[in-house]
Amino acid sequence: MTNPGERSAEGQLPPDFVRFHRRHATLWLRVAHLELGAREPAAEVVEQSLIELATVWERASGPVEPLAWRMLRRHIVRHMQRTGQTSSFVSTAAFDPAAFEALRLPPKVFDTLEHRIALFTAVHELPRDHHEVFLLTRVLGQSNQDAARLLGIREKTVRELRRDAIALLMQGLSEDDPDTATAARRVLHLSRDQLAELEGPIGLFRAIARLPDRQFEAMTLRYVLEYSDETAGRLLGMTAATVRSNVRHAKETIARTLGLPEIPDPDRRATPPDRG
């Protein structure tokens, strides 16, 4: 099946333009559909973006992907302004199995429609740069490298924005959810597969991602998001001492997984880890 706008492009435009459009049209259509909530206006917006891009294609300087992305976003906004429509992102994403499945969450995490609506509302309310990175890498399944190319930023910046987006989501959902600990724990699991993407030959990040839930949560809050023991404890519904205990046991688990000798901890307490 031919993508929207592809028939009008073939035979009339440079071959490299046609290849570019074929490579990106499906992604553009998904982005527009999430925002507009229906395929027909989404296809129209993609077509308009294609036409505008075609007019500047041969004289465009620098990477084309960020230019095309800005055009798409601009035409989405213009369509909403022209029709008086507001963004349909939250309702479309919450009811879209593909959008939710792309998050690769563990079973029973955001397992109700109410929770999914809360999650995608928080995603929609992220600052623009954080939203676009999270949208591309988590909701639409693009790699960090592809997202960096599409947005015209460094891959390192994509990783930083995605990490900060998870922190912002956790904070926002915790404020909205009376069960702060539950909301915080749900969002933390969004970062598990991000660790796997950073994997090197040692296996450290894979070992962290496979920690028991509470150890993973404590390690992520303390060393990835850099919260204090007290703040981490408040978010997870445990004492600061229990956070420290879970971090210590997490380190021991990682050391065993990697075959490393255990380092004696002079501050070791008798508090057992929380396995809830």
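The values are calculated or read from the model by the stated rules, or taken from the named source; none is laboratory data. Only a predicted model underlies this, so the values are computations on that prediction, with no experimental measurement involved. Cβ placement follows ideal geometry from the backbone for every residue including glycine, while neighbour counts extend to all protein chains displayed.
Criterion first (among the small types (Gly, Ala, Ser) and in the same structural domain as Val45 (by TED's automatic domain parsing)) does Ala68 satisfy it? For Ala68, the condition - among the small types (Gly, Ala, Ser) and in the same structural domain as Val45 (by TED's automatic domain parsing) - is met.
The single condition from (1) over 11 Å from the mean Cα position of the chain (by Cα); (2) over 18 Å from Arg186 (Cβ atoms) that Ala118 fails is (2). Taking each residue of segment 156-170 that is closer than 15 Å to Gln142 by Cα and looking for partners that are in a helix (DSSP H, G or I) and charged (D, E, K, R) with beta-carbon atoms closer than 8 Å, six or more apart or interchain, yields Leu161/Asp129; Arg162/Arg138. Checked against (1) assigned by TED's automatic domain parsing to the domain that holds Phe110; (2) over 19 Å from the mean Cα position of the chain (by Cα); (3) at pLDDT 80 or above, Asp213 passes all but a single condition, namely (1). Of the helices (runs of 4 or more DSSP H) lying entirely inside segment 1-63, those carrying at least 3 residues that are in contact with a His (Cβ under 9 Å, 6 or more places away or on another chain) and at pLDDT below 95 are 39-56.
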